[in-house]
Amino acid sequence: PALIVADEAHHLRSPATQRYRLRARLSERTPILLLTATPIFNRSSERTALLALFLGARAARLDPAATSRCVLRGNPPPQALPTVVR
């Protein structure tokens, strides 16, 4: 596919699951868009795991400002949309 859209992406927050590993393998070759209306994280490692699906190992090295540029909340104006470079 040209793009993977993962709705209910909060279900992908654990790298120990088969669900996560499958999406991770798929997203190595294909861009992925993560959508969720339930962004509940018990640990920062869960957010990092989600970001790693499209950022790879770089996700673990993001500072708070860089992390916030990867997460959209509410209805941001179009000019606020992030550009993610693979």
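The values are calculated or read from the model by the stated rules, or taken from the named source; none is laboratory data. Remember, predicted model here, so these are calculated numbers, not experimental data. Counting neighbours? That spans all protein chains shown, and the Cβs are built from the backbone with ideal geometry, glycine included.
Worth a mention:
- One residue alone among 57, 65, 49 is surrounded by 13 or more Cβ atoms within 10 Å (Cβ to Cβ), small (Gly, Ala, Ser) and at pLDDT 85 or above, and that residue is 49.
- Of the criteria (1) closer than 21 Å to residue 69 by Cα; (2) in a helix (DSSP H, G or I), which one residue 25 fails: (1)
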